[in-house]
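> Got a structure here, written out as structure tokens. Questions coming.
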Ligand SMILES: [Zn+2]
């Protein structure tokens, strides 16, 4: 049951039929891993802690740099050279004392994924590189853990939900079969604006809340945002039977 304090605090969420007290309890019981605590991980972790998610695991091996500050809104100049996961965990714990927060101050590898994924209900990919994206996708398929992927560069962003509990769900690898040679566009090479990350991070947090509260959340739908024309585009995807991560050939 929700406490009287929780009923009051989350009343604007629980008054919605699609959330209700049950949904709020589900959020309180949820354990969520956020991979990357930079431009996307900052707003995502803030929104999930604020919405009442009970346990957050924050993973990032990077340190805070001056050039991060225009978009990584939890950090200030006093935090420069500190680890991102540790710093965000400290700040969130102060702001949301009811949320259990664990910092993982290193880059996730296969071993860490195998350790943490069985402990969580959901993973949010807020990383900024393709290698981590493929690793998390593979690991979520292995452990049948749902995954909300977000990415943004320049004025553009994308969001995709992969839910391996559903046999029809396509994965990130279905969409982008891995190619070692593909040039990687990232914030270092083509820049990024903070509000684009807020939009994509906000959508990731919304998808996470819908999924955790048992609401319909859309698999096989790639959402692309163009911040210049202010337009969203949705593309239907299909699971690729030939995908060696989630398809028949993976067996
Ligand atoms: Zn796949």
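Here, each number is a calculation from the coordinates, and none is a lab measurement. What you see is a predicted model; the values in this text were computed from it and never measured. Positions of Cβ are generated from backbone atoms using ideal geometry, with glycine treated the same way; all protein chains shown enter the neighbour counts.
> Gain in length, residue 230 to residue 111, computed as 0.36 nm per residue apart minus the alpha-carbon separation, to one decimal in nm?
Gain on stretching residue 230 to residue 111: 38.8 nm.
> May I ask for the Kirkwood hydrodynamic radius of region 1-133, worked out over all distinct Cα pairs and given in angstroms to one decimal?
It works out to 15.4 Å.
> Of 53, 35, 196, how do they rank once you tally other Cβ atoms within 10 Å and put the fewest first?
196, 53, 35
> Let me make sure I get this right: for region 37-94, a, b and c are the square roots of the gyration tensor eigenvalues over alpha carbons, sorted descending. Under 1.5 in a/c it's rounded, otherwise prolate if a/b > b/c, else oblate. Which is it?
Prolate.
> Counting only the backbone N, which residues of region 77-119 are under 18 Å from the spot 7 Å out from the Cα of residue 178 toward its beta-carbon?
Those under the cut-off are 107-115.
> Rounded to a whole number, what is D in µm²/s for region 81-164 from Stokes-Einstein with the Kirkwood radius over alpha-carbon pairs (10 °C, 1.306 mPa s)?
The diffusion coefficient I find is 112 µm²/s.
> Please provide three numbers in whole Å: the alpha-carbon extents of the chain along the principal axes, with the largest listed first.
Result, largest extent first: 53, 42, 41 Å.
> Based on alpha-carbon centroids, what's the gap between region 8-78 and region 225-251 in Å, whole number please?
Cα centres, region 8-78 to region 225-251: 25 Å.
> Fewest Cβ neighbours within 10 Å first, please rank 120, 44 accordingly.
The fewest-first ordering by Cβ neighbours comes to 120, 44.
> Order by neighbour count: 127, 11, 93, fewest other Cβ atoms within 10 Å first, most last.
Exposure proxy ranking, most exposed first: 11, 93, 127.
> Which whole-number percent gives the relative contact order of region 4-250, counting Cα pairs below 8 Å spaced six or more residues apart?
Dividing the mean separation by the residue count of region 4-250 yields 19 percent.
> According to the square roots a ≥ b ≥ c of the eigenvalues of the Cα gyration tensor, what is the shape class of region 105-251, taking rounded for a/c under 1.5, prolate for a/b larger than b/c otherwise, and oblate for the remainder?
It comes out rounded by the Cα gyration axes.
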